[in-house]
1. Looking only at segment 100-149, how many residues end up being surrounded by fewer than 17 Cβ atoms within 10 Å (Cβ to Cβ) and part of a strand (DSSP E or B)?
2. Is it the case that residue 12 is assigned to a helix (DSSP H, G or I) and modelled with pLDDT of 65 or more?
3. Let me confirm something: among 113, 75, which residue is over 22 Å from residue 14 (Cα atoms) and at pLDDT 90 or above?
4. Quick one: in segment 5-47, which of the residues that are within 22 Å of residue 117 (Cβ to Cβ) and in contact with a helix residue (DSSP H, G or I) (Cβ under 8 Å, 6 or more places away or on another chain) is surrounded by the most Cβ atoms within 10 Å (Cβ to Cβ)?
5. Check segment 30-51 and report whether any residue there is touching a strand residue (DSSP E or B) at 6+ places or on another chain (Cβ under 9 Å) and modelled with pLDDT under 90.
6. Kindly check whether there is at least one residue in segment 86-99 that is in a strand (DSSP E or B) and either surrounded by 14 or more Cβ atoms within 10 Å (Cβ to Cβ) or at pLDDT 65 or above (or both).
7. Yes or no: residue 106 at pLDDT 95 or above and under 30 Å from residue 151 (Cβ atoms)?
């Protein structure tokens, strides 16, 4: 039995524009209880993906250390370049600056096995599903596991 992407994909999609701020994308993920959001253009064509991990990098020790150094320089009266000031303001950074643009996607007819293979091969947690280049769904690892559990008896039937 083949389980196609269209039967397991999430179609109630949460997306963001490349012009959304990192803070807006983070808020969107929290509100909708998702760990990543596709970044799409006005025609719903995927441009990239931004995840919780991408947002977390802005709170890591390297970023915090750089931010503290820039704030010290500012406090000492040094004039900082505008790009430094923009960098320390999370609410001004845009998703386009941090999104992953290498999109591993599949079509609606891709099988559960093909999707699982893509996830394993590329070390990804979700696969955007496209129809004629337009985002129509997303399949996460949880969707794959759910489909396997729901169809377990059918999947274990002997083939003739």
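The values are calculated or read from the model by the stated rules, or taken from the named source; none is laboratory data. These numbers were taken from a predicted model, which means no experiment stands behind them. In this analysis, Cβ positions are derived from the backbone assuming ideal geometry, glycine residues included, and neighbour counts consider all displayed protein chains.
1. 5
2. no
3. 113
4. 5
5. Keep residues of segment 30-51 that are touching a strand residue (DSSP E or B) at 6+ places or on another chain (Cβ under 9 Å), which gives 34-41, 43-51.
Filter once more, so that each one left must be modelled with pLDDT under 90: none.
No - not one qualifying residue is present in segment 30-51.
6. Yes.
7. Numbers: at pLDDT 95 or above: yes; under 30 Å from residue 151 (Cβ atoms): yes.
When the stated conditions are applied, residue 106 passes them.
Residue-wise test of (1) under 15 Å from residue 10 (Cβ atoms); (2) modelled with pLDDT under 95.
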site: 120; (1), (2): no, no
site: 123; (1), (2): no, yes
site: 131; (1), (2): yes, no
site: 145; (1), (2): yes, yes
site: 150; (1), (2): yes, yes
site: 158; (1), (2): no, yes
